[in-house]
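Structure incoming, see below.
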Amino acid sequence: MTRGSVPRAWRTAVVGAGLALSGLAAAVEDGRGQTPRVTIEADTTEIHVGDPLSLRLSVEHPADLSVRWPDSLPLGPFEALVLEVGKPVAEGAGARTPAVLRVTAFELGELELPSFDLELSDGAERRVTVSTDPVEIGVTTVGLDEGGDIRDVKGPRAMALNWLLLWPWILLALALAGLGYWWFRRRRAGPDVDRAVPPEPERPPHEVALEALDLLAASPLLERGEIKRYHIAMSRILRAYLEGRYRIWALEMITPDVISSLGRAGVDPATRTDFQRFLEACDLVKFAKQRPDAGTCRRTLADARELVERTKFVPPAAAEPEPVEAAVP
């Protein structure tokens, strides 16, 4: 080997390496697109604690790659609020994907939004990772005056009263109070204040009630566990019977008013007590969310049937006509 052969070999290697690097750069900048990179820009460098901060992201990449946005980003001490990704826009031989990331912070001071990675992929084996630059953001508190001191808490601001403007509201409040009191008295007194008695039933009330109880007993409500609907139906059947039998508005009354109306209708105390126990048992299931078992439910229905049988109206037997003696000629 001669003295001058070494420099020539070195020059040959350098030229070959240069050509290889040129080929690599051309492969990156060829028809597959531009060199991938991402830029990040904040709309401000200082925010108040808890305020949102918008960061504009721009990912430049080859056209055959797409950005795979992560489900979560490690941004501490900042917290991500929302990520809005735009549609890719063609730029020359490549593309650009814009996005807006909104974050906030609850710490004070000069904070750094850390760098994070984004992955580009063609959906197969080709993957490229790009990283953002860290961003410095100042987070300040609120409620400071120009001297930097916390302001004193101010009391409520006094308001001048104009009684002429308040009078219509006072009269409206009094009218509403009177209307509410009238409605309360009307509900407590029952609907028979305006209507004397319910209309005469077309069929004997006990026949209608017994048929309805039979249908309820044969229904699948208990098997389906619909205890509340079962007791609502029982209560309505018996109240409709009382309405037709004693001509009181039992369907529109609460239980105490029904019992009081039965007393005014001449029902004996023992029967009134039995009706009260039945209606209160139904009320406990309807309003107090009690759930008796199926056997107890069937016994309650049997009590309803017994009350109807015991109190049904039985017309007095017609008096037999006295025999008329035939006149003897």
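The values are calculated or read from the model by the stated rules, or taken from the named source; none is laboratory data. Note that this is a predicted model, so its numbers are computed, not measured. Using ideal geometry, Cβ is built from the backbone for each residue, glycine included, and neighbour counts are taken over all protein chains shown. Accessible surface is based on the protein model in full, side chains and every heavy atom, while ligands, DNA and RNA are left aside. Shrake-Rupley method; radii C 1.70, N 1.55, O 1.52, S 1.80 Å.
Kindly list, by first and then second residue, each pair from a residue in segment 225-248 that is more than 24 Å from Pro204 (Cβ to Cβ) to a residue that is of a type in the set (S, T, N, Q), limited to pairs with Cβ atoms under 7 Å and residues at least 6 apart or on different chains.
Close Cβ pairs (under 7 Å, with a partner that is of a type in the set (S, T, N, Q)) do not exist here.
Something else: Among (1) within 42 Å of the chain's Cα centre (by Cα); (2) surrounded by 14 or more Cβ atoms within 10 Å (Cβ to Cβ), which single condition is Arg277 missing?
Of (1) within 42 Å of the chain's Cα centre (by Cα); (2) surrounded by 14 or more Cβ atoms within 10 Å (Cβ to Cβ), only one is false for Arg277: (2).
If you don't mind, there's one more thing I want to ask. Please specify each residue of segment 280-316 satisfying the condition of being farther than 20 Å from Ile227 by Cα, part of a helix (DSSP H, G or I), open to solvent by 60 Å² or more (accessible area, probe 1.4 Å) and touching a residue at least 24 places away in the same chain (Cβ under 8 Å). Write out each step before concluding.
Filtering segment 280-316 for residues farther than 20 Å from Ile227 by Cα gives 306-316.
Then keep just the ones that are part of a helix (DSSP H, G or I); that gives 306-311.
Retained after the next criterion (residues that are open to solvent by 60 Å² or more (accessible area, probe 1.4 Å)): 306, 309-310.
Selection gives Glu309, Arg310.
Select from segment 113-135 the residues that are farther than 24 Å from Asp64 by Cβ and aliphatic (A, V, I, L, M) and write down the one among them that is least open to solvent (accessible area, probe 1.4 Å).
The extreme case among them is Leu113.
Here's another thing I want to ask about it. Return yes or no: is Arg32 basic (Lys, Arg), modelled with pLDDT of 85 or more and either part of a loop (DSSP other than H, G, I, E, B) or surrounded by 15 or more Cβ atoms within 10 Å (Cβ to Cβ) (or both)?
no
How many residues, within segment 205-224, are open to solvent by less than 90 Å² (accessible area, probe 1.4 Å) and not in a helix (DSSP H, G or I)?
4
Return the residues of segment 57-87 that are part of a loop (DSSP other than H, G, I, E, B) and among the acidic types (Asp, Glu); say none if nothing qualifies.
Hits for segment 57-87 are Asp64, Asp71.
Filter segment 260-274 down to the residues that are surrounded by fewer than 20 Cβ atoms within 10 Å (Cβ to Cβ) and in contact with a Leu (Cβ under 8 Å, 6 or more places away or on another chain) and list them by number.
Result: Thr271, Arg272, Asp274.
Pull up segment 187-204, narrow it to residues that are open to solvent by 80 Å² or more (accessible area, probe 1.4 Å) and either in a helix (DSSP H, G or I) or in contact with a Leu (Cβ under 7 Å, 6 or more places away or on another chain) (or both), then point me to the one that is modelled with the highest pLDDT.
Out of the qualifying residues, it is Arg187.
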